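The next block holds one structure in the form of structure tokens; read it before the comments.
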Amino acid sequence: MNAPVPPPSACGGIDFHQEHGQRAVFCGLTGIVWLHRKIQDAFFLVVGSRTCAHLIQSAAGVMIFAEPRFATAIIDERDLAGIADANEELDRVVTRLIERRPDIKLLFLVGSCPSEVIKLDLSRAAQRLSGRLAPVRVLNYSGSGIETTFTQGEDACLAALVPELPRAPAEAAPSLLIVGALADVVEDQFLRIFAAMGIADVRFLPARRAGAMPAIGRGTRYLLAQPFLAETARALDERGAHRLAAPFPLGAEGTTGWLQAAAEAFGVDDTTFAAATAAGRARAETALAPHREKLGGKRVFFFPDSQLEVPLARFLARELGANLVEVGTPYLHRAHLAAEIEMLPAGTRVTEGQSLDDQMDRCRAARPDLTVCGLGLANPLEAEGLSTKWSIELLFTPVQGYEQAGDLAELFARPLRRRALLEV
Amino acid sequence: MQLTLWTYEGPPHIGAMRVATAMTGLHYVLHAPQGDTYADLLFTMIERRDTRPPVTYTTFRAQDLGRDTAELFKTSVAAAYARFQPQAMIVGASCTAELIQDDPGGLAKALDLPIPVIPLELPAYQKKENWGASETFYRLVRALAGAPAPRTAREPGRRPLCNILGPTALGFRHRDDLIEIRRLLDSLGIDVNVVAPLGASPADLGRLKDADFNVVLYPETARSAAEYLKKNFGQPFTQEVPLGVGATNRFVAEVAALAGVDPEPILDGPGSRLPWYSRSVDSTYLTAKRVFVFGDATHAIGIARMAAGELGFTVVGLGTYGREFAREVRAEAARHGIEALITDDYLDVEAAIRAAAPELVLGTQMERHVAKRLGIPCAVISAPVHVQDFPARYAPQMGFEGANVLFDTLVHPLMMGLEEHLLGMFREDPEFHDGVGPSHLGGNPRAVSAADVPEVLETADPAPATAPILLDEDVVITAAPWAPEAEKELKKIPFFVRGKARSNTEKFARERRLPLITLETLYDAKAHYGR
């Protein structure tokens, strides 16, 4: 039998392109909106400009009104006059904040574009304040848009936590660590499946409370729950933990592959694995079936946004029968996405980076049935007659695992259903 | 460094975007990192605009800082010109690009484009959104209005001609105010030459000078431009902002004087229902309702004056986040015998609302949330805007129809408040508590024991969900206890004044350091506050 001839520009089976130009994406500060909900005694203080504060309140919408656990220290003219002054100002602001919020156990100083450009050393500030405010721990990371794109803010935050994690004893038995913020309900579902597989020692990063962060060491095997955690993975590797290569737990197939990676690493036999996952797989199949009719054969276009695009595209193509016109992603991490890229239909156009106007031209020319894009583009494309799914919802809604496979499909099916319903 | 959880205004380049997005044929190239592109969603989601704002962001990244961000800026300007073919461009920097000092104006000029390219200097670390909108509009007018010239006298027989200045994209009810004011001007026999920025092209700004005078609807965005036009083209401009019936009458008189027409047929506009609604006896209960007003200066001033003079409310608080107009707001506050609150810190506003203990709050979306926490009825009367501030229906605030809308806006929350009080009052009744089903569904009791029936709450002041903000000392001092017979007497007082009677009595006891509130104290306090 002859080996198939790969398409000329194929690269791991996909039609890979890189683009440079104007990007229409959030910066890493946006991650604060879901991270503060996840770590319930952490506070996120952005050291930035009025633009940063305005971005977060625009992205966080109504959450802002509940005296949330995030805020912005707005740099003004006087701070720009001299760095020493800015440090004193920061100390004053943080001290006032901690006095007012005694419930806070962990404070993140979050760097922004302006703080990076004026080279305000937030790691030194964090060290200094950690000493002064003990037992409150103060850490720092950058969510600046010159260094991070949207979900990379979570990566930077978790990477900052890794050096602080307790060391697991050398003789400790292998344990499983799930890395990446997941909804509490999803974590609990996974815990039950792992327990059924006989894996009892399962921890999550980030933990729900600052004092409950998992210990790690050479026995730690970790599964990434999100595809955008390159720096976190590097930091975990440095501490001796081992990444389990897997697809991501989006859709039934991805979830099975993801659980399978843990099963193999922990020596779970096939029968136990099948028994632990059978019910979830069956329920996911039931939930997915009705959406397959609506999404089967539909042409889907992804604008780059969260780095979830490749796993989502794989799910839409393989489990729902959609056709992929273009899969845009801000970055393509080839190692972490190896299993995903493998599963994409051969010849899928994957675009890394963005040149907004050119990409909009391609999208208009292709007239896809569904366009997955950010909030800034959704209404303009709808007005041009294209159905859109705004992508930020994919971060705020529980979508991982068997029980959410149907919900995930529904997120994509709803815009099509709505368009069919409307008579106006 | 200022600690903030929420900001009334965005940075100044958002103001520039509000002007650029309002106009046609204009393009804005903004030197900014990728995160700043969030601003698109303000226009496409909050205002539901059907196109992207006409903005190109350079979206420079850390790796570009070591190379040539200036070159990136030039490429972006050239590409934006080639693609969009605008009549004119504005160029500038957001907060981060301001720090790297690339000089967008100089770089764009070096490209020698065949269109006007107007540089904007919007200091992001000093100024805010409304200033940015005003400065941008001023710069555009300055650059595009043409060479200064004295105003020529109107030819006999030609209808008077004016420009309407101020409405922008993302403006609070600007869309409908504009329709209302155009209608009003038309009924006075005045033609509209150019409306700007909303709907104007750069070429239209070149025709501004053809008008006899300017109507300034929103001084926050248009006063600087109007002053420029006055100085260079001799065009006078209006001072009165037509919020409320009285202000609309004054506006009509002012405009009529500028145009040399007769205001009489239009005064007290035939479609104006507010005066009668306010005089009708069912409005008696509005008398001296304590109201707290906060917003941009234009709306805060206009609504406060209207609330006092046209609804009979007592203005117990008035403030603005717009420091540029502090003087005007202070003057208006003095008319109400109070001190103005000039702040952009919403925590200060919340503290002031608590201290003033109003019965109605008229503010922004933030005051709506504060009022909700405090259990006070509220209506939103000013930007910053929310998707709810772009209703599908016609809902101006200005002109006679705007006054009708404002009457409803200001009165409905009080009606709702009354309904909530009624619910609170009847909650203890045997056939109305949480344990019984609705009477129209047969009233079958739900399985709730008598112990679970809640006590009636008289003060709608739920504990805040998070750490409270501590205010004046006396707010946290515990009130003297109530003697049983005084408590019993209090319950006989009609529910709608009961909360006030309780707080007045407790304040009275506290000020006199009384150890116990007796029947005597209750009536002493009533006499004291009834004076």
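Screening B:Glu98 with (1) surrounded by fewer than 23 Cβ atoms within 10 Å (Cβ to Cβ); (2) within 14 Å of chain A (Cβ to nearest Cβ); (3) free of Cβ contacts under 8 Å to residues at least 40 places away in the same chain gives one miss only, at (1).
Say whether the condition of being of a type in the set (D, E, K, R), in contact with a helix residue (DSSP H, G or I) (Cβ under 6 Å, 6 or more places away or on another chain) and either under 13 Å from B:Leu3 (Cα atoms) or not in a helix (DSSP H, G or I) (or both) is met by at least one residue in region A:104-115. Scanning region A:104-115 turns up at least one residue that is of a type in the set (D, E, K, R), in contact with a helix residue (DSSP H, G or I) (Cβ under 6 Å, 6 or more places away or on another chain) and either under 13 Å from B:Leu3 (Cα atoms) or not in a helix (DSSP H, G or I) (or both). Within region B:476-490, identify whether any single residue is of a type in the set (A, V, I, L, M, F, W, C), modelled with pLDDT under 70 and not in a helix (DSSP H, G or I), and answer yes or no. Yes, there is a match, as at least one residue in region B:476-490 is of a type in the set (A, V, I, L, M, F, W, C), modelled with pLDDT under 70 and not in a helix (DSSP H, G or I). Among the residues of region B:155-180, just one is in contact (Cβ under 8 Å) with a residue 60 or more places away in the chain and surrounded by fewer than 17 Cβ atoms within 10 Å (Cβ to Cβ), namely B:Ile179.
Being in contact (Cβ under 8 Å) with a residue 60 or more places away in the chain, surrounded by fewer than 21 Cβ atoms within 10 Å (Cβ to Cβ) and within 12 Å of another protein chain (Cβ to nearest Cβ): is that true of A:Asp91 here? Judged against the criteria, A:Asp91 is not a match. Screening A:Ala215 against (1) under 23 Å from A:Glu154 (Cβ atoms); (2) surrounded by 20 or more Cβ atoms within 10 Å (Cβ to Cβ) leaves a single unmet condition, (2). Hey, can you tell me all the residues within region B:101-114 that are away from chain A (no Cβ under 14 Å) and either in contact (Cβ under 8 Å) with a residue 60 or more places away in the chain or under 22 Å from B:Tyr125 (Cβ atoms) (or both)? Residues satisfying the conditions are B:Asp103, B:Pro104, B:Gly105, B:Gly106, B:Leu107, B:Ala108.
So that you can scan it fast, the table gives a plain yes or no per residue for (1) among the small types (Gly, Ala, Ser); (2) more than 30 Å from A:Met360 (Cα to Cα); (3) at pLDDT 95 or above; (4) surrounded by fewer than 17 Cβ atoms within 10 Å (Cβ to Cβ):
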{"residue": "A:Pro4", "(1), (2), (3), (4)": "no, yes, no, yes"}
{"residue": "A:Thr51", "(1), (2), (3), (4)": "no, no, yes, no"}
{"residue": "A:Phe65", "(1), (2), (3), (4)": "no, yes, no, no"}
{"residue": "A:Ala71", "(1), (2), (3), (4)": "yes, yes, no, no"}
{"residue": "A:Arg78", "(1), (2), (3), (4)": "no, yes, no, yes"}
{"residue": "A:Ala81", "(1), (2), (3), (4)": "yes, yes, no, yes"}
{"residue": "A:Ala86", "(1), (2), (3), (4)": "yes, yes, no, no"}
{"residue": "A:Leu107", "(1), (2), (3), (4)": "no, yes, yes, no"}
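Among the residues of region B:355-402, those that are part of a helix (DSSP H, G or I) and either within 21 Å of B:Gly15 (Cα to Cα) or away from chain A (no Cβ under 14 Å) (or both) comprise B:Ala355, B:Ala356, B:Gln365, B:Met366, B:Val387, B:Gln388, B:Asp389, B:Gly399, B:Phe400, B:Glu401, B:Gly402. When B:Glu9 is tested against the conditions (1) farther than 19 Å from B:Pro104 by Cβ; (2) without any contact (Cβ under 8 Å) to a residue 12 or more places away in the chain, the lone failure is (2). Counting only residues that are part of a loop (DSSP other than H, G, I, E, B) and among the aliphatic types (A, V, I, L, M), region A:250-292 holds 1 of them. Considering region B:27-76, the residues that are assigned to a strand (DSSP E or B) and at the interface with another protein chain (Cβ under 8 Å from one of its Cβ atoms) include one that is surrounded by the most Cβ atoms within 10 Å (Cβ to Cβ), namely B:Pro33. Applying the criterion of being free of Cβ contacts under 8 Å to residues at least 60 places away in the same chain and over 19 Å from the mean Cα position of the chain (by Cα) to the residues of region B:326-368, the residue that is surrounded by the fewest Cβ atoms within 10 Å (Cβ to Cβ) is B:Gly337.
For every residue, the table says whether it meets (1) within 14 Å of chain B (Cβ to nearest Cβ); (2) within 20 Å of A:Thr329 (Cβ to Cβ); (3) not in a helix (DSSP H, G or I).
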| residue | (1), (2), (3) |
| --- | --- |
| A:Tyr141 | no, no, yes |
| A:Ala156 | yes, yes, no |
| A:Leu177 | no, no, yes |
| A:Glu187 | no, no, no |
| A:Leu191 | no, no, no |
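Within region A:118-126, does at least one residue satisfy the condition of being within 14 Å of A:Gly48 (Cβ to Cβ), facing chain B (nearest Cβ under 7 Å) and touching a residue at least 40 places away in the same chain (Cβ under 8 Å)? Yes, that holds for at least one residue.
Checking A:Pro135, A:Pro169, A:Pro163, A:Pro174 one by one, the residue that is in contact with a strand residue (DSSP E or B) (Cβ under 7 Å, 6 or more places away or on another chain), surrounded by fewer than 21 Cβ atoms within 10 Å (Cβ to Cβ) and within 24 Å of A:Ala212 (Cβ to Cβ) is A:Pro174 and no other. Restricting the search to helices (runs of 4 or more DSSP H) fully inside region B:257-352 and requiring at least 2 residues that are under 30 Å from B:Pro156 (Cα atoms) and out of contact with any Gly (no Cβ under 8 Å at 6 or more places or on another chain) gives an empty result. Would it be correct to say that B:Met17 is more than 10 Å from every other protein chain (Cβ to nearest Cβ) and either buried (at least 21 other Cβ atoms within 10 Å of the Cβ) or without any contact (Cβ under 8 Å) to a residue 40 or more places away in the chain (or both)? So B:Met17 fits the description; yes.
Quick check on region B:77-95: of everything there that is within 10 Å of chain A (Cβ to nearest Cβ) and under 36 Å from the mean Cα position of the chain (by Cα), which residue is farthest from A:Cys27 (Cα to Cα)? My answer is B:Phe84. Look at region A:47-67: where a residue is within 7 Å of chain B (Cβ to nearest Cβ) and a partner is modelled with pLDDT under 70 and in a helix (DSSP H, G or I), sitting 6+ places away or on another chain with Cβ atoms under 8 Å, you get A:Gln57/A:Ile64. So in region A:372-424, with the set limited to residues that are touching a residue at least 60 places away in the same chain (Cβ under 8 Å) and within 14 Å of chain B (Cβ to nearest Cβ), which one is surrounded by the fewest Cβ atoms within 10 Å (Cβ to Cβ)? Step by step, filter region A:372-424, then rank; the result is A:Ile392.
The values are calculated or read from the model by the stated rules, or taken from the named source; none is laboratory data. The model shown is predicted, which means the values in this text are computed figures rather than measured ones. FYI the Cβ positions are ideal-geometry reconstructions off the backbone, even for glycines, and counts take in every protein chain you see.
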